[in-house]
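The values are calculated or read from the model by the stated rules, or taken from the named source; none is laboratory data. Just so it is clear, the model here is predicted, and its values are computed rather than measured. Reconstructed Cβ throughout: ideal geometry from the backbone, glycine too, with neighbour counts over all protein chains shown. Accessible surface areas use protein heavy atoms only, side chains included; no ligands, DNA or RNA. Shrake-Rupley method; radii C 1.70, N 1.55, O 1.52, S 1.80 Å.
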Amino acid sequence: MRTLIIIITASAALALSLAWPSTDATAQNRRVHSYNYCWQLASNRGWERNTRGERAFIRRCMQGRPQ
């Protein structure tokens with residue numbers, strides 16, 4: 001009986017750990033990288049630093065639709 005409880009508990013813990021959303025550093029680095037990429041792309045396309053147009057471009061770029 002104890003063995004069965006241990007197996008069920010272990011499988012439930014494994015299922016929970018696999019279903020938990022990822023909040024590791026690599027997921028955060030992807031967001032930072034995408035912002036840096038979009039900022040560099042805006043700079044290369046001639047947007048002036050810290051203007052409304054540049055911010056809008058970076059926002060669209062991070063959503064996956066730069067123009």
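Here are a few things to note about the model shown:
- Only protein heavy atoms count here; under a 1.4 Å probe, ILE5 has an accessible surface of about 90 Å².
- Calculated from backbone phi, Karplus (6.51, -1.76, 1.60) coupling profile of region 3-18 in Hz, x at Gly/Pro: 4, 5, 5, 5, 5, 5, 5, 5, 5, 5, 5, 5, 4, 5, 5, 6
- Local charge for ARG59 was computed over the other residues whose Cβ lies under 11 Å away, with Lys and Arg +1 and Asp and Glu -1, and equals +3.
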